[in-house]
1. Could you calculate the FRET efficiency of Ala21 with Ala70 from 1/(1 + (r/R0)^6), where r is the beta carbon distance between them and R0 is 25 Å, rounded to 0.05?
2. Using only Cα atoms, figure out Rg for region 12-93 and give it as a multiple of 2.2 N^0.38 Å.
3. Got a sec? Charge dipole of region 146-245, +1 on Cβ for Lys and Arg, -1 for Asp and Glu; which of Val196, Pro177, Leu147 is way out at the positive end?
4. With a Förster radius of 30 Å, plug the Cβ-Cβ distance of Thr11 and Arg137 into 1/(1 + (r/R0)^6) and report the FRET value to the nearest 0.05.
5. Take the eigenvalues of the Cα gyration tensor for region 178-244, scale each by 5, and report the square roots as semi-axes in whole Å, largest first.
6. Percent of accessible area on region 17-99 owned by carbon and sulfur, 1.4 Å probe?
Amino acid sequence: MASFILQRLVTLIATLLGASAVVFVVLEVLPGNAAQVLLGPDAAPEAVAALAAQLGLDQPALVRYGQWMAGLLTGRLGDSHAYSAPVLDLIAERLALTVPLALLSMLLTCALALPALKALLLPALALAVVKAAILARITRSAVLDVLREDFVRTARAKGLTRRAALWGHVLRNAMIPVITVMGLQFANLLAGTIVVENVFYLPGLGRLIFQSIANRDLVVVRNCVMLLAAMVVLVNFVVDLLYAAIDPRVKARGP
């Protein structure tokens with residue numbers, strides 16, 4: 001088990017490093033200049049150049065990437081140009097809405113149960129309805145496939161009731177594809193909050209990203225996108241661990 005977890009951790013770290021490089025490069029090739037946006041289109045070139053130097057935009061891309069990575073490791077994400085506040089504080093404030101929204105949507109997807117968070121009910125329903133239909137279809141197909149297996153017929157022949165066979169043998173073996181879909185859906189819900197938060201005018205992480213892109217506040221955009229990427233990778237890591245817990249053949253087989 002320790003070897004399996006170590007292999008998955010190495011994959012997780014490599015994926016995060018790759019994601020950080022992609023995020024940085026994509027934001028680097030975006031048109032426009034953050035200093036120009038902050039000062040306005042009529043600002044003097046000298047003022048724009050001075051502000052760019054103050055923001056560190058005149059440094060080579062590799063230097064800025066290294067500084068960003070060092071900041072990620074130490075929790076120093078820099079300051080937002082548009083909000084004049086530490087990026088870490090902005091993200092923490094917005095996550096207080098985005099994470100409950102994604103979790104509530106996932107709960108609705110799985111069980112269609114409604115906690116007391118009434119303010120998030122409509123956005124969560126908007127995210128959850130389609131996901132619930134897909135998950136129900138996948139669960140039904142997986143259970144039906146496992147019911148046809150020889151070990152289920154053997155368990156029934158030994159005198160196990162249909163309910164006991166279902167709960168004791170079928171569901172555990174059917175959960176692998178279901179957990180896969182749930183992991184993908186939750187990762188998709190985290191990204192889907194960007195659209196929903198803008199539609200319902202919710203001050204969450206998605207709306208922060210949208211506003212920061214409009215303001216050319218790349219410090220905020222870069223860290224928020226990297227956080228979403230890390231959350232998606234972490235969800236996949238947890239799914240891998242659940243695979244090993246449900247089916248011992250997974251950890252024995254390895255990657």
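1. For Ala21 and Ala70, the calculated efficiency is 0.95.
2. That works out to 1.22 for region 12-93.
3. The Cα lying farthest towards the positive end belongs to Leu147.
4. Calculated transfer efficiency: 0.55.
5. In descending order, the three semi-axes are 27, 14, 6 Å.
6. That share works out to 65 percent.
The values are calculated or read from the model by the stated rules, or taken from the named source; none is laboratory data. Because the structure is a prediction, the values reported are computed rather than measured. Cβ coordinates were reconstructed from backbone atoms using ideal geometry, including for glycine residues, and neighbour counts include every protein chain displayed. Remember, those area values only see protein heavy atoms, side chains included, never the ligands or the DNA or RNA. Shrake-Rupley method; radii C 1.70, N 1.55, O 1.52, S 1.80 Å.
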